[in-house]
Amino acid sequence: MVEGVTRLGLGLIPLLAIEGRGRLVLLALLVGGLLTPVLRWLRFTYRVEGGTLVTAGGVLARRRRVIPLARIQSVDLVQKLRHRIFGVVELRIEVAGGSGTEAALVALAPEEAEEVRGLLLAAESDAPPGTEHPVLARMEGRDLVLAGVTGGRVAVVAVLLGYAQDLIADDALPSLLGRVQSLGLSAVVLVLALVGAFLLVAAAISLAATVLVLWDFTLEHHGDRLVITRGLLERRRSFVPLHRIQAVHLNENLLRRALGLGSLSVTVAGYAGPREEQQETSTLLPIGRRHEALSLARSIIRAPEGLGSERLEPAPRAALWRRVVPSVLVCGGAAIAAGIVWGSRGTLLLAPVALAGVAALAAWRSLGHRIEGRHVLVRSGVLVRKTTFVPLDNVGDLSLKASPVQLLFGLATLVFGLPKNKPRAIDLDRELAEQRFDRLGDALIRSPIPAKAK
Amino acid sequence: VREPTKRLDGRVLVMWWAIAGAVGVAATAAAVGAVVADLVPTLVPYAVGAGAVVVGVGGPLLRYRRWRYEIRERDLFLSRGGVFVTRTLIPFDRIQFVETREGPLDHAFGLQQLVVYTAAGRAGLIPGLAAREAELVREELSAVAGVNAV
């Protein structure tokens, strides 16, 4: 309807300017433009019957879509600002193997939406109505602040601010510096203050964004699915069926790792949709103490108690050499060349060699894996350390890969094929990797697989 | 680890050589053109040509010799890659569907590609199977696929 009114408004302007037959044609188009949304609304029907959702609609081309309830992966209630104004909710339905939102009931009364969601997911729900839903996680104000200030958004905002700095006139900063310096402050203090202020602004912007998105974040356990509620301007409820969860990730960026904090996200099968949305809906715990996040992760995929990132098998020494040797060769070579060309000043380039060495060491230390029963844990990443819980029952295919460099150092990587995600156990000793490949392959084909919901 | 037993059809090697040859000729021609336009030294086309022969003949040969597949008791096992070595195991249980493909070039050589999908998407692709063999494999895999697949 809103769409139609806008079109009418725009169309009225030329209507006054045109004479004769043109005016008539335009009028017809205009009425058509207004009528289309009305017709679309009149035509659109949906019903749930015999284990299927049937939607029908379309103005010129009629469309009828039948979706078996069993194929429905998730149902989201979305309330954007425009929905809030009219007091309605959009229901988005994701289907296994679909490439996006397969069907959307764009405007329903909230009660109706809840009811329809219940019907659509009836096949799966087993919790009797009226039961208390245990709250697995909730964000307090303190957590919001912590999440905002330590989040990756700070870095992104800082980078953007850095670009924005280019917009300021070239001489603005030096002249400002000169003026402040005349007040008697030392240059060091000044630089420190500037950097501090810069980071503060970045953190504040990030904090604001975090508050908007994660306001009143709650993770609840409803029967066999998780329910996430969040958002300040746009309230959002997502439903994640537990058995569709393919893998759970613990993410720790540098800052959070130092503070013993991390965030938890999940990969959900058949959950397509826009990238940004997909990422947000898959966050189970925006921030939390590391051990709490780990135990939440374990409980969600029913992993054995001992499976944490404390006792991972580290990558072999060869994996360190594989990282150190090439970077030191490249940087060292550049430093020597520069030393020859520019004399002693060129040897300053040796600093990057040390830096590359440290980066290699950090990358090596972040690697690790562990197999426990029918679960695998893999870890990697320097700036954001990612620990992934992989239930073997979700693994579609298993690969063993070796690049020429890995072959040279006697290393190999195991790749677990999951929907939307390919966790890797990077740089295992080649022989060990082959043993693991055989053993895991056996586990994949021999053990009984719990029947998944059809 | 025991390697899979079956090789690709020999015609695929000829096909890969044909593709590599076409690319090599094009690259050499471009290099000759650059010499005519006086952009690069006269030696360049010779180097490009020689490189194209080595890579164009050796690459497909290595790839063909390394490519193996086998339908085992309960899984499909692939091994491939002359330089980047990869082994993949796909349990029958996890296979959602199987398809055969035939591009124009495949058709000219009487070949087909076999693609195996799991819930994780495209899990494996076997290039260069004889059309009959590809159909046999497809039927065999379809019959055992997806016992527990979502």
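The values are calculated or read from the model by the stated rules, or taken from the named source; none is laboratory data. Just so it is clear, the structure is predicted and the values come from calculations on it, not from any experiment. Counting neighbours? That spans all protein chains shown, and the Cβs are built from the backbone with ideal geometry, glycine included.
Some values worked out for this structure:
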| item | result |
| --- | --- |
| Residue match in segment A:301-312 (condition: on the phi > 0 side of the Ramachandran plot, within 34 Å of the chain's Cα centre (by Cα) and of a type in the set (D, E, K, R)) | yes |
| Checking residue A:209 against (1) assigned to a strand (DSSP E or B); (2) surrounded by fewer than 17 Cβ atoms within 10 Å (Cβ to Cβ); (3) in contact with a Gly (Cβ under 8 Å, 6 or more places away or on another chain), the condition it does not meet | (1) |
| Members of segment B:67-96 that are surrounded by 15 or more Cβ atoms within 10 Å (Cβ to Cβ), facing chain A (nearest Cβ under 10 Å) and aromatic (Phe, Trp, Tyr) | B:77, B:92 |
| Condition met for residue A:281 (buried (at least 21 other Cβ atoms within 10 Å of the Cβ) and modelled with pLDDT under 80) | yes |
| Single residue of segment A:53-76 satisfying the filter (at pLDDT 80 or above and buried (at least 16 other Cβ atoms within 10 Å of the Cβ)) that is farthest from residue A:245 (Cα to Cα) | A:55 |
| Total residues in segment B:54-81, condition farther than 26 Å from residue A:395 by Cα and in contact with a Lys or Arg (Cβ under 6 Å, 6 or more places away or on another chain) | 0 |
| Residue under evaluation residue A:229, criteria (1) crowded, with 17+ Cβ neighbours inside 10 Å; (2) of a type in the set (Val, Ile, Thr); (3) assigned to a strand (DSSP E or B), criterion not met | (1) |
| Considering residues of segment B:117-148 that are β-branched (Val, Ile, Thr) and within 14 Å of chain A (Cβ to nearest Cβ) only, the residue surrounded by the most Cβ atoms within 10 Å (Cβ to Cβ) | B:118 |
| Subset tally (residues that are more than 7 Å from chain B (Cβ to nearest Cβ) and polar (S, T, N, Q)) for segment A:390-409 | 2 |
| Meets criteria (of a type in the set (S, T, N, Q), closer than 30 Å to residue A:391 by Cβ and at pLDDT 90 or above) for residue B:79 | yes |
| Residues of segment B:117-138 satisfying the condition of being out of contact with any helix residue (DSSP H, G or I) (no Cβ under 7 Å at 6 or more places or on another chain), assigned to a strand (DSSP E or B) and farther than 16 Å from residue B:16 by Cβ | B:117, B:121, B:122, B:123, B:124 |
| Every pair of residues 6+ apart whose Cβ atoms lie under 8 Å, when the first sits in segment A:64-93 and is without any contact (Cβ under 8 Å) to a residue 12 or more places away in the chain while the second is in a strand (DSSP E or B) | A:64/A:54; A:64/A:55; A:64/A:56 |
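For every residue, the table says whether it meets (1) hydroxyl-bearing (Ser, Thr, Tyr); (2) under 30 Å from residue A:438 (Cβ atoms); (3) within 19 Å of the chain's Cα centre (by Cα).
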{"site": "B:8", "(1), (2), (3)": "no, yes, yes"}
{"site": "B:16", "(1), (2), (3)": "no, no, yes"}
{"site": "B:19", "(1), (2), (3)": "no, no, yes"}
{"site": "B:22", "(1), (2), (3)": "no, no, yes"}
{"site": "B:40", "(1), (2), (3)": "no, no, no"}
{"site": "B:48", "(1), (2), (3)": "no, no, no"}
